[in-house]
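First comes the structure, then the notes that go with it.
The values are calculated or read from the model by the stated rules, or taken from the named source; none is laboratory data. Bear in mind the structure is a predicted one, so any value in this text is a computation, not a measurement. Cβ placement follows ideal geometry from the backbone for every residue including glycine, while neighbour counts extend to all protein chains displayed.
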Amino acid sequence: MKTLTVLAAAGLMSISTGAIFAHHSAVRFDNSTPVTIRGTLRRAELANPHSMLYVEQVTSDGKTVWAVEGPAPNALTRRGFVSDDFREGATFEACGYVLRDGVQSPDGSRLLLAEVLVMPDGSARLWSSYGNEHCREQGNYEVREPGTFLIVE
């Protein structure tokens, strides 16, 4: 009976571990091509399990609202972010990855799994990575201190 209980517990743990990895998987995103967006912060939702910044980008083609996905508030705190960093109306730039299928969310925004966030003061910060470093590898950002980058012009 003990053996059966141990096997059942091990089986359940392996199933739940798969669900955890699937939740944090970046498979839905085109991780080979970084995309950079720049626009005005319309709303910040610093919540579990993922924070979202809604950034409105205006181009010659019109307006696009981007939902910039990032880590939970506790992870942002460990990286030195505070809620006052996300003031509506401020200009932000984000480098990250778009969905492979290009599907928009029900509210019409496009999802960007961001790696680097450039703050209104011009400092570039690690937002999240999910194992990708293409934004940092493309040569536009140089590490200054843990979690902070210097923009290389």
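Residues checked against (1) under 19 Å from Val27 (Cβ atoms); (2) at pLDDT below 90:
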| residue | (1), (2) |
| --- | --- |
| Ser51 | no, no |
| Asn74 | no, no |
| Arg79 | no, yes |
| Arg87 | no, no |
| Thr91 | no, no |
| Glu115 | yes, yes |
| Ser123 | no, yes |
| Leu126 | no, yes |
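I'm checking my understanding of the structure. Among residues of region 48-63 that are within 23 Å of Leu126 (Cα to Cα) and polar (S, T, N, Q), which one is nearest to the chain's Cα centre (by Cα)?
The extreme case among them is Ser51.
Between Arg28, Arg43, which is modelled with pLDDT of 90 or more and out of contact with any Pro (no Cβ under 7 Å at 6 or more places or on another chain)?
Arg43
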